[in-house]
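Below is one structure, written out as structure tokens, with a few remarks after it.
The values are calculated or read from the model by the stated rules, or taken from the named source; none is laboratory data. Remember, predicted model here, so these are calculated numbers, not experimental data. Each accessible area value is taken on the protein alone, full model and side chains, heavy atoms only, with ligands, DNA and RNA left out. Shrake-Rupley method; radii C 1.70, N 1.55, O 1.52, S 1.80 Å.
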Amino acid sequence: MKILIVTDTFIPEINGAAIAIDRIARELSKRHDVLIVCPEYPGYNDNNNTTTQSNKNLRIARIPSCAFPFYKTMRFALFNPRNITNIVTEFSPDVIHIHTPLSLGIFFAVKKWQCKKIITFHTLVNEQLEDFSPSKIVGKTIKEAVMDKLVWRLLLKFHNYADI
């Protein structure tokens with residue numbers, strides 16, 4: 001089976017989702033052909049990654065990216081939809097497994113691919129709003145209940161694009 005994994009966070013970034021995705025990909029690649037689409041990280045080279053060096057069933061397609069303005073270690077993919085479509089067409093996946101609801105995740109979720117889409121929910125995004133919220137940036141308070149409701153609506157809409 002050909003499995004395309006899509007994530008807005010991946011090695012070398014260190015967080016629970018990135019580590020879980022790395023482990024999932026390594027295990028799946030023992031029996032399947034796996035391609036990970038993720039942001040590039042300046043100065044990081046997948047050729048130095050022993051996991052990908054020793055595993056011909058696991059490949060990584062890095063997408064140009066920039067740092068989030070208020071969270072410098074996290075990357076935001078700056079992709080060309082045509083290039084992404086070419087990557088998917090060439091790989092011809094049986095399944096697309098989306099792991100994050102940011103730029104790459106949203107693009108892959110809403111696009112009508114000719115395969116099944118799975119979305120995994122890794123992070124309680126509403127609990128991380130403090131890092132990105134306008135209240136932190138401009139010093140205003142925002143009612144948590146309103147933000148939680150909005151975030152949950154957006155997450156529900158995102159996850160409803162999946163088959164599973």
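Failed condition for ARG75, given (1) more than 13 Å from the chain's Cα centre (by Cα); (2) at pLDDT below 95, with all others met?
Tallying (1) more than 13 Å from the chain's Cα centre (by Cα); (2) at pLDDT below 95, ARG75 fails exactly one: (1).
Regarding region 17-26, can at least one residue be identified that is farther than 27 Å from LEU156 by Cα and not acidic (Asp, Glu)? Explain how you work it out, then say what you get.
Within region 17-26, the subset farther than 27 Å from LEU156 by Cα is 26.
Adding the requirement that they be not acidic (Asp, Glu) leaves 26.
Yes, the conditions are met somewhere in region 17-26.
For ARG31, indicate whether it is within 14 Å of the chain's Cα centre (by Cα) and under 28 Å from LYS112 (Cα atoms).
Details: within 14 Å of the chain's Cα centre (by Cα): no; under 28 Å from LYS112 (Cα atoms): yes.
Criteria not met by ARG31.
Which of the residues spanning region 85-117 are within 23 Å of MET74 (Cα to Cα) and assigned to a strand (DSSP E or B)?
ILE96, HIS97, ILE98
If a residue must be in a loop (DSSP other than H, G, I, E, B) and either modelled with pLDDT under 80 or open to solvent by 70 Å² or more (accessible area, probe 1.4 Å) (or both), how many such residues does region 118-156 contain? So that I can check it myself, show each step before the final result.
The first filter runs over region 118-156 and keeps only residues in a loop (DSSP other than H, G, I, E, B), leaving 120-124, 133, 139-143.
From what is left, the residues that are either modelled with pLDDT under 80 or open to solvent by 70 Å² or more (accessible area, probe 1.4 Å) (or both) are 121-124, 133, 139-143.
Residues flagged as in a loop (DSSP other than H, G, I, E, B) and either modelled with pLDDT under 80 or open to solvent by 70 Å² or more (accessible area, probe 1.4 Å) (or both) within region 118-156 amount to 10.
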